[in-house]
Each structure stands twice: as C-alpha cells, then as structure tokens.
1. Among the residues of region B:126-153, how many are among the aromatic types (Phe, Trp, Tyr) and more than 25 Å from residue B:197 (Cα to Cα)?
2. Which of the numbered conditions does residue A:325 fail, given that it passes all the others? Conditions: (1) within 13 Å of chain B (Cβ to nearest Cβ); (2) more than 18 Å from residue A:172 (Cβ to Cβ).
3. Is it fair to say residue B:60 is at the interface with chain A (Cβ under 8 Å from one of its Cβ atoms), surrounded by fewer than 20 Cβ atoms within 10 Å (Cβ to Cβ), more than 30 Å from residue A:277 (Cα to Cα) and modelled with pLDDT of 55 or more?
4. Exactly one condition in (1) more than 9 Å from chain B (Cβ to nearest Cβ); (2) without any contact (Cβ under 8 Å) to a residue 60 or more places away in the chain; (3) not in a helix (DSSP H, G or I) is not met by residue A:254; state its number.
5. Taking region A:292-311 as the region of interest, how many residues are in a helix (DSSP H, G or I) and within 9 Å of chain B (Cβ to nearest Cβ)?
6. Restricting the search to region B:419-444, which residues are in a loop (DSSP other than H, G, I, E, B) and within 18 Å of residue B:326 (Cα to Cα)?
7. Taking the condition of being in contact with a Gly (Cβ under 8 Å, 6 or more places away or on another chain) and assigned to a loop (DSSP other than H, G, I, E, B), how many residues in region B:489-506 meet it?
8. Can you name the condition, by its number, that residue A:317 falls short on among (1) part of a loop (DSSP other than H, G, I, E, B); (2) within 14 Å of another protein chain (Cβ to nearest Cβ)?
Amino acid sequence: MAFSRADTSVLGRWWWTVDRWTLGALLILIGFGYVMMLAASPAVAERIGASSRHMFFIKQVAYLAMAALLMVSVSLLSVRGVRRLALLGFTAALVLTAATLVVGVEIKGARRWLPIPALSLQPSEFLKPFFAVVAAWLIAEGKAPGSKVWGATIALVLYLTIAAILKGQPDIGMLIVISAVFFAQFFVAGMNLFLVGAVGGIGVAGAVAAYFMFPHVQSRVQRFLDPSSGDSYQVSVALEAFANGGLLGRGPGEGRVKNVLPDAHADFVFAVAAEEYGMVLCLVIIALFAYVVVRGLMRLLGESDLFVMLAGTGLLTQFGLQAFVNMGSTLHLIPTKGMTLPFVSYGGSSVLAIAIGMGMLLALTRRRTGTRAGEDADPAAPAVPAGGLR
Amino acid sequence: MTHIPPHTPVAAPAPHSAPADAPMLRRPAMPADPPRAVVRVTQPDLMRRAILDKTRGRLVIAAFGFATLFGAVALKLAMATVIHPAEPRRAVALSRPPAPPAEAPVARATVTDRNGEILAVSLPLTALYANPRQIENAPEAADRLRRVLPELDRERLIQRLSGERQFAYIARALTPRQVAQVNTLGIPGLYFEEAERRFFPQGRTAAHIIGGVDVDGNGIAGVERSFDQRLRAQPNERLRLSLDIRVQLALREAVQRAIDEFNGIGGAGVVMDVNTGEVLSMVSLPDYDANDVGAATNDQRFNRVTVGVYEPGSTFKLLTASMALENGLQPWQGYDASRPISVGRFTINDYRGKGRWLALPEILAYSSNLASAHMAAAVGVNRHRDFLQRMGMTARLRIEIPETALPLVPSQRTWRELNTMTIGFGHGISVTPLHVATAGATIANGGILRQPTILAVPPGTQREGTRVISERTSEIMRRMMRLVVTDGSGRGADVPGYFVGGKTGTAQKTGPRGGYLENKRIAAFIGAFPMYAPRYAVYVMVDEPKPNARSHGFATAGWVAAPAAGMVISRIAPILGMLPEPVTPEITRAITMPMNGRGIPGYNPPAAAPATRPAAPARPSGQPAAAAPQREASLVPR
C-alpha cells in the first residue's frame, strides 16, 4: 500500500497510524489458515462423507476473507467507535448466547450453536472479545479518580451472568478463557497481590473441585499424566505426527494424521502443520503468536488510557491464551482442552470473532495524533476531568 | 473489587513504578495529607498516573508470562519433533505400506513339487484403483495415465474414471517402476492397493495338475481348486506334491515329440511310483499356460489323463491275463487264435494274427484279440466284472484333483458274454489313461492297488492299498511284460540296463454315434521298470497318430507309443537316481520267461509236459485242449 503522509483520507490516516507490524503478522497467520485448510480439510470432509471434498475449504476461505476484511474494517474505528461496537456486540452476543440454551442445536452433547441457515453460529465466540472490551471499559471507568461508577462490580455481575450461561450450555473451555481474560484484566488493572493470590487460590480450588466433581475432567487429567491409563488416541496420534514431521516435514499433502484424526482441521491443525511442514514452520507460527501478544502488551506500556490498556490486555490475553491452549494440548504440554488456534483452525464463528477482537485491538492501539502518555484526544474518554491539566 | 474510593488519600507512589514515567519522578513527594486546594488539581492526575504505573508493571509481567508460555510450547515442539520424537507407529503405518519382508505374507500357500521346486506361488503386487468422485477431469486423467500404462483402453478407462462410484480397479498388477511412474503423474484420486497374484513359474509344464486361479485368486481347476481351502487356511505351509518337475519336463517333451512325429492331435503320459501310487508326472497335450488360463482353448484345458476316457485296447490284455492267472490258468496254457469269433453280427479278429493256438506269453507278446476274448470268456462274465471292479476300472479314481471322469462300462444288465470277450482285449469299455497306468502299476508292484495320489508321500510311510492279485500272478505278469518288450510288440520301449516291461495297445476311436472310426486310433504303451523290482510305471499315449515313412506306414502303439515310453525311461531313470544295471544271471532268471510259458525259475516247470494240462480253463467252444501239444513243440525254437 502506498499512502502519502499527507493523505488525510480515512484509509490514509489509518495506514499511517495503525500498527502495521502486528497487522502484517495477523495477515500472515490468516495465510497459514488458508494453507492449513487446504491441507487438512479435504481429508476430514471426505471422512465424514461430505458432499464435496472441498466443502470445508471453500467455506473457510470465505470466512478467512471475511475475517481479513472485518479486521481491517474494525481497525478503522476510533476508540469511541470500538467502545460502542463492543457494547452493541456484547449485548447482542449475550442475548444470543442465552438464546442457545433455549433454541440451540445440540452437537456432541452441548448446546452452543444457533441454527442459522448456511452457517451455525456460536455466539459465545463473539462474547469473548466484546466482553473483554466492555469489562475493560467498566474497570477503567470505576478506577477513574472521582468516578462514582462501581465499574468493577458491574463487570463482576456481567461475568457471573456469562459464567452461568456458559455452564448451562455447557462450555467450560469458553468459561475458562473468559475467566482467565477477566482475571488478567483485573491483574493488569492493579489488583492487589493478596487478591491475586486469593483468586489464584480460588482458581486452583475450582480446578481441584472440578477434578473431583466431573468424571470427564478427572479422566482427562489422568490421561494427561499417564497416557497409557486410558484412551489418549488423539494426542498419541498427534505426537506421532510431530515426530513424523521432524525438522522440515513430510512435504505438502504428505501428512497422514489428517486422515485419522477427527479434529484434524480444527483442534489438531497444529499437528497437521507439523507433519507436513515440520518444526521450522511450527516455530514460525509460535513466533507469530508470541510476537503479536508480547509486542502488543509491550506497546500498551506506551498508552496512557487505562481503558485502552485493559481492553488491549484482554484481547491479547484471549488471543494468546487460546493459541497456547491449542498448541499445548496438541503437544501434550497440558491436558486436552478443545480450543481453536486463532485464524488457523477451521471454524467460522471462531475466525470472525478473533478477527473482530484483533480489529478492535488494532483500532485501540492506533497512534492518535497529538496524544501522548498522559493525554487523550478522545473526548469521550471518561477519566480526565476537563480542567485537570490546564 | 479493587475499586479505589475516590477520596482515599493516595499513599506514596509504588516504589517499583515504571521508570518510563519520567515526569512523575520529577515531582516532589506528596505530603500524606496535602491541603485540599492543591489536591483537587493534582490528586486525580496523580492517582491516574499511579494506576497506570502499576498497570505498566503488570503488563510487563503479563508479557513475560506469555513469552514463557510460548517458549514452553516452542521447547515442547522441538522435543516432539526433533529432540525426542515419539515412536511414529500409527503415522508410519499410515504413511507407507510396510516393506515386504523376506517371506512375503501372502494369503495363499505355495505349491511345490516333491523336491521343493515352486509350481505355484502368490507374490505381493500393487493394484491401481481410482476414486472416480475425486477425479476432476476423467479424459485428461485417462490420457496422462495412458502415457505410463499404454495397454489400457482409453474409452474404457474414461468410463471407469468417471461417475459417482468411489472405487474402480484400473490395473491389477503394477510393477514397482510403474507404481513410481503413476505416482509421479500426481493425478489425484488414484490409489494403490497391496494385492497379490498367483504365479506359475513352470508355465505350461504342469498346468493340468496345478490348474489355475481366477482373477481374485480362487482356485478354479486342478490342485488349486481341490486344495483351495487348505491353501488359504495355512498360507505359510507349502503344499508339496508328488510331482517331480524334471520328470514332468522329460515326459512332456517325449510325448510332444511322438505327437509331432506322427501328427497326432494330442497325447498323454503318466509316470507313477508303483509302490506308493504317487504320480510323479502327468502330461496332457496340448496344454496351456497356467498363468493365462483365460487364453486356453477347451481342448487345451482338457486333461486327457484324468478326464479323457478311451478304449484301452490291448493294454487291457494285461488285466485279462492277470485275471485268468488268478482264476487258475497256468502260464504254459493258452487258447486258440486260429479262427475269428462271430457273435451275432460282430466278428472278432486278430491284427496280423498268427492263426494258431497261442500260449499265454504268446497271447500277450503277439497281442492276440481272439485268445484274449477266449480267455476272458473262460473266466466268465460275473468274475470278469468283479475283477475289473476290484481293479478300480469301473469307478472314478480318487486322485486329488477335481477333474476326473467315470469310466464308460456296460451296466450289469447289459454286460453279456460278448462284452466280456471284447473287454478282454480292451474294447467296449472306456477308461482314463490314469486307470490304465494304475492298473499297470498294480500288476507290476506285486498286486496291491493303491489309488493314485498327487500329494507327496513322506518317505518311510506305507500307503494303504488293497491286494487285488496275488504275488505269484504279479510275478508271472512281470515276466510276460518283459517278454512283450524283448520279443513282442513293445520292443521300441526297451532301454538297455533298465529292464523295461510293458504292453502296447492300439485302439480304434469311437465316433460320436458309437461306431469305430477308420484310421483314428489311440496308440498307448503301459510299462514299468526295472522289471526285477519295479519302481515306476510309465504310460504314454498318442491320440490319432498318422502313419509316416519312418514307421513304414504303421501308426500302431508299437511304433508310436513304445519308442516314446523308451525315451521317457531313458531320460527319467537317471534323474530318479537309477543307474543302468548290467544283465546278470540273477536278473535274467527273475524276469525272463519262454514264449511257451514253461520252465519259469521258481515255479513248477512242467518241462516235459504231461498231457493233462490245458483242460481246466478251456471253454467248450474252443479247441485248445486238443491242439495244444503240437503247438507247444513248434513254438520252442522261437
């Protein structure tokens, strides 16, 4: 793209203010998503007897194109625009998520999807980024000196509502991500360390309780600790795929794990990538995720708006955590937890939601003319009283 | 929950606040309880800055946290891929077929001859199949495929590559080179399948015995069919046949030569171990390539040895003579052969007959139909039929291949004296060559009938058999068989040092309407060697031999089959480990017999014959009783 510095059109301003390095990394990830769908999805489509081998692939290409467009469009928004979008989106997503309990289609024992023609929508995916931004706004609002809004309390109430809905679906994985993001935001907002410890303790206690209360959690953890104790078929096959791939991989199309793993195109796409393209390309993928997350967090240091910092933290945490859990599960680093690899795994809702989230991140981290640390050009910014620094 | 009430005085800034915030460091420390006027301006700002500082600290921690997590993932990735990879059991099994081990695991057992030579073996091969639903452009794929496999028909290939099916075989047997070439084409939707194919390395040499398999590897003929279950059930156990492929080759060549020489339309041959009933060789010509059963004509597939039923002709006189001996005839007795026999509208005559009374050895040596007819009639219809039944001549042989035939024998109701007379010299009955060979082996081996077998008999085991004729009869028969070869019609079969004995047989072929066909004959020889202790029976037959100059216009067994049998014996005896024996007095004593049947060593030799002899077997119609004494005298000088 070539825009003059003097270009003051919307796109021109966007080009010179957006974080182009992060944008580039995200677009590369979308490109990998395209390549991996080409590799993994025909085999899966054939195995489940889809009408066309390319069913998944064509769908996902459309989703990826939409995702790229959506991400760039959202990143054009101003901070206020992001907040409005998030509020609207959060409300809609919350209602739709609640609706799944009533009208959702049951797939594999969980009601997470809404039956919309041509695509099955998983509204809770969209809840994640929108809630991260809304919660950031509420916390920042509450923390603003002189604020009389009990932001954190409202955020907590919203969180508990979401938790109740997700537990009803049930979608514990999603609940864990949202909880972790929410916790990360409070942590970054300066939650005192005693509380951090306490929440951490509650988290550990909750995990232990879940271990003893839910048999499937228990069996999954046991299988993680001792793979021979039970059916750890998917992870064993995935590990063999990594071994088979080696340093440089078997070559495009030469992977075999995609023919046997039910979730080769979704949760285990990383193993497919490893088998066909080897360790080097997987390291590139990891590096891209790490780059986006760590660079994003470090860039937030330069921000002066607590809302931006918290929202960015939430979005990046969600992005990074999801990538970590997915790759960690596939690599047998942590117990198996079905989670998509952002942009790379198959799944329309997931890709679009991540695109919205990253779009909002890009929008929030755009350099705003005349703003520096300690200043905020956004008139809607609630924190600074108008005459404060005059 | 960490909501900071707005009016709480702010304590000193966090000691670890980010150094980036330079302006803050320059500010003077705040008093614990500053005057309100000042605070109102600065406190919110300072609070905000304090919060941001804390946030920045936490952000750094979070960034470190994520860096650690991704670092761990990268480390685990390196472990899983390069440093300590898992044993890729499933992945490897999926990625490529295992290399064929030394002894390829096939689903069908190998068949070998008695020495372990492979007659039939299943080899792993690669079959090519297509999933037509995955082929985007069938004509293009077909054209590209035909560059590697030009033998495929284009139209048929396109038809197989298109449609909604998910599976279609393209080629059943690809060589590794072809597999690589097809792979290089990179046509999606083509797949390889590990298959196996039956190979018959001996080609046509033993085709009728082995039989063959269809395209799916099911036995459809011969041993492949009769042992189909066994070959599948124990794929790693070789099936060892009694066949000796070297003998098979020699026999096939000799029979082929005889056929070529006399312009025959076919031929047959059998070599059998007389003591075990093992078939060492069995040849039916014309034959076919077992690797390509589909291309064989019906005539080629027809196994003349086990399915062809022919009138045995004079070879059957061995049975008649044995029967007569069993029923009390002495070797020096005989029958008149001076006048044709007329029964109803039939007339029995001799071929180049002597026109006089013949002693038993002469009857065989000169192959007298008349005397044989008298001999059989003297035994009687019932005893004749019973004897042939005991000899197995009226039933299907129980050899282990599915292709066997029931002999054509007159029923009990229609079997009259005339039948007995004609059957006595081998007409009016049709049996397979294997029947004749089995009978020859039985007569030579001391009189024990063993069903022929195609399976190798482990050394040292005695196969079950039925005694059908006495040891004495067998011995006399051996001498007479030897006599036929030394002094009779079977001279062509003799091989110095192997003491061959046997009997020729020329039979007129019967036409479709039952009448005999002029100049269409079956020329056969059944023999055994060495006659002092027979080990192998040899049968050679030529179907419809035509006379030629070298045979002086003859197409009889003595000219056609006997020399072929001699050639077989001269070639297979050394293969079977037998050295030519010099003629010793012991051997001579054991196997010779004068034409008049007198003076056999070890038997009561009425050298100066009393006049009482020939009464017993003679029929009232025959005159031998009266004529005998003079004839004997006249025969001696021969």
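The values are calculated or read from the model by the stated rules, or taken from the named source; none is laboratory data. In this text the structure is predicted, and so the values were computed from the model without any measurement. Every residue, glycine among them, receives a Cβ derived from its backbone with ideal geometry; neighbour counts consider all protein chains shown.
1. So in region B:126-153, the residues among the aromatic types (Phe, Trp, Tyr) come out as B:129.
Pick out the ones that are also more than 25 Å from residue B:197 (Cα to Cα) and you get none.
So the answer is 0.
2. With (1) within 13 Å of chain B (Cβ to nearest Cβ); (2) more than 18 Å from residue A:172 (Cβ to Cβ) applied to residue A:325, the lone miss is (2).
3. On the way: at the interface with chain A (Cβ under 8 Å from one of its Cβ atoms): yes; surrounded by fewer than 20 Cβ atoms within 10 Å (Cβ to Cβ): yes; more than 30 Å from residue A:277 (Cα to Cα): yes; modelled with pLDDT of 55 or more: yes.
Answer is yes for this residue.
4. Status for residue A:254: all satisfied but (1).
5. The first filter runs over region A:292-311 and keeps only residues in a helix (DSSP H, G or I), leaving A:292-300, A:306-311.
Right, trim to within 9 Å of chain B (Cβ to nearest Cβ) and you get A:293-298, A:300, A:306, A:309-310.
Qualifying residue count for the region: 10.
6. Kept after step one, since they are in a loop (DSSP other than H, G, I, E, B), are these residues of region B:419-444: B:425-429, B:432.
Within region B:419-444, B:425 is the sole residue that qualifies.
7. Qualifying residue count for the region: 5.
8. Condition not satisfied by residue A:317: (1).
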